[in-house]
Amino acid sequence: MSRANSLQVKLEEFTRLLRIMDELRTQCPWDREQTWESIRHLTIEEVAELSDAILDGNPDQVKKELGDVLLHIVFYSKIADEQSYFDIADVMRSLSEKLIRRHPHIYGDVKAEDADTVKQNWEKIKLSENGANQPSSVLEGVPRSMPALVKAYRIQEKVAQVGFDWPTVQEVKAKVEEEWLELHEAQGAEAIEEELGDLLFALVNYARFQKVNPDDALEKANRKFMRRFAHIEHCAKRDGKVMGNMSLEEMDVYWNEAKSLGV
């Protein structure tokens with residue numbers, strides 16, 4: 001299939017999706033009743049399911065979940081069109097213009113030899129493009145409802161892109177060690193909570209310097225723990241033992257067996 005034909009197929013399928021959404025909003029009682037607010041929590045769920053599919057490395061499931069997320073984008077835009085706010089063409093036009101504006105190394109004469117420079121240029125352009133509505137802070141665009149671990153990573157990325165960052169990874173590592181000592185010396189729940197937060201923030205920074213997404217790292221650790229604990233439960237059932245009545249030493253035998261098996 002030629003590139004031209006491929007583009008035509010994509011346009012036809014997108015047009016078909018828009019037509020289906022038009023029909024659902026007029027003919028389906030459930031779809032007709034929905035608002036931005038009523039589907040917001042469903043959108044969050046769909047994005048989480050997409051994230052799961054990506055972590056599972058399942059292309060077919062990723063395709064399905066991408067479709068669900070795309071449905072929500074079309075759904076929000078359809079509701080907006082009915083209220084005369086904007087339509088899906090406005091959404092796509094705004095996005096295309098932003099991508100062109102924020103990639104001057106592609107669509108202009110700016111030089112950007114690496115990804116870090118591209119990210120720095122992106123943030124600078126983002127700050128300058130709002131005119132009188134320019135945000136009062138570099139951090140204004142960080143969503144309030146973003147999970148804390150992801151938010152910490154994004155905060156650090158944003159301030160780093162305007163020059164507020166540690167010069168070397170060694171200094172970041174030293175900060176982690178400093179925060180660990182302060183946590184070790186903390187007394188009382190409130191102080192421990194504060195120092196633990198500082199340590200976690202420093203660890204996120206260390207992960208960023210090592211080009212590791214801490215949310216991905218923690219999720220992989222979660223899944224590994226769940227696999228190994230499931231092995232303990234399987235072995236306990238196999239051997240006629242009851243979880244809760246077993247000693248920690250007994251469970252450790254199964255845990256170490258899971259590790260040796262690469263679970």
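Taking the Cα atoms only, what angle lies between the long axis of helix 88-101 and the longest principal axis of the chain, rounded to 10 degrees?
70
Express the relative contact order of the chain as a whole percentage, based on alpha carbon pairs under 8 Å and six or more residues apart in sequence.
9
Rounded to the nearest 0.05, what FRET efficiency is calculated for residue 89 and residue 32 with R0 set to 22 Å and r the Cβ-Cβ distance?
Using R0 = 22 Å, I get an efficiency of 0.45.
In debye, nearest 20: dipole of the chain around its Cα centre with unit charges on the Cβ of K, R (+) and D, E (-)? The partial results should precede the final answer.
Values: 35 positive and 49 negative charges, 214 e Å.
Dipole of the chain, to the nearest 20 debye: 1020 debye.
Using the alpha-carbon centroid of each, what span in Å lies between the stretch 177-244 and the stretch 75-101?
41
Calculate how steeply helix 148-160 sits against the longest principal axis of the alpha-carbon atoms of the chain, using the helix alpha-carbon long axis, and give the answer as 0 to 90 degrees to the nearest 10.
Orientation of helix 148-160: about 70 degrees from the principal axis.
Given axes a ≥ b ≥ c from the Cα gyration tensor, I'd like to know whether the stretch 166-212 is rounded (a/c under 1.5), prolate (a/b larger than b/c) or oblate.
Working: a/c = 3.82, a/b = 2.17, b/c = 1.76.
Judged from the Cα gyration tensor, the stretch 166-212 comes out prolate (a/c at least 1.5, a/b above b/c).
For the pair residue 187 and residue 64, what calculated FRET efficiency results from E = 1/(1 + (r/R0)^6), where r is the Cβ-Cβ distance and R0 = 51 Å, to the nearest 0.05? All intermediate terms of the calculation are to be shown ahead of the outcome.
Details: r = 51 Å, r/R0 = 1.00.
FRET efficiency, residue 64 to residue 187: 0.50.
Within 10 Å of each candidate Cβ there may be at most 14 other Cβ atoms; applying that plus a DSSP loop requirement, which chymotrypsin sites (Phe, Trp or Tyr not before Pro) in the stretch 100-184 survive?
On the way: sites: 107, 122, 153, 164, 180; in loops: 164.
Filter output for the stretch 100-184: 164.
For the chain, what does the helix formula give at 222 nm: sum of -39500 (n - 2.57) over DSSP H segments with n ≥ 4, over the residue count, nearest 500 deg cm²/dmol?
That calculation yields -25000 deg cm²/dmol at 222 nm.
On a 0 to 90° scale, report how tilted helix 169-185 is relative to the longest principal axis of the chain, with both axes built from alpha carbons and the result rounded to the nearest 10.
Around 50 degrees separate the two axes.
Could you pull out every one of the aspartates and glutamates with an alpha carbon less than 12 Å from that of residue 211, ignoring same-chain neighbours closer than 8 positions?
116, 157
What percent does the relative contact order of the stretch 166-212 come to when contacts are Cα pairs within less than 8 Å and at least six residues apart?
47
Just grab the label-to-label distance for residue 210 and residue 249, each label 7 Å out from Cα along the Cβ direction, in nm (one decimal).
If labels sit at residue 210 and residue 249, their model points lie 3.4 nm apart.
Classify the stretch 3-85: rounded, prolate or oblate, from the alpha-carbon gyration tensor (a ≥ b ≥ c, eigenvalue square roots; a/c under 1.5 rounded; otherwise prolate if a/b is larger than b/c)? Before the final figure, lay out each step's value.
Values: a/c = 2.37, a/b = 1.16, b/c = 2.04.
Oblate shape, in that a/c is at least 1.5 and b/c is the bigger or equal ratio.
How far apart, in nanometres, would the label points at residue 105 and residue 9 be if each is projected 7 angstrom from Cα along the Cα-to-Cβ direction?
Simple spin-label model gives 3.3 nm for this pair.
Suppose R0 equals 41 Å; then what is the FRET efficiency for residue 180 and residue 118 from their Cβ-Cβ distance, rounded to the nearest 0.05?
According to the calculation, E is roughly 0.75.
With Rg and Dmax of the Cα atoms in Å in mind, check (1) 17.4, 52; (2) 19.1, 72; (3) 24.6, 71 and report the label derived from this structure.
So the structure-derived entry is (3).
Work out, step by step, the length gained on full extension between residue 196 and residue 145: first 0.36 nm times the residue separation, then minus their alpha carbon distance; give nm to one decimal.
16.3 nm
Check the straight Cα-Cα distances from residue 78 and name the lysines below 23 Å, setting aside those fewer than 8 residues away within the same chain.
10, 63, 64, 98
For the stretch 1-85, what is the charge dipole size about the Cα centre, in debye to the nearest 20, if Lys and Arg each add +1 at the Cβ and Asp and Glu each add -1 at the Cβ? Write down the numbers at each step before the final one.
Working: 10 positive and 17 negative charges, 87 e Å.
Charge dipole of the stretch 1-85: 420 debye, to the nearest 20.
Values in this text are rule-based calculations from the coordinates and carry no lab data. Just so you know, these numbers come straight off a predicted model, no measurement behind them. Every residue, glycine as well, gets a Cβ built from its backbone with ideal geometry; the counts of neighbours run over all protein chains shown.
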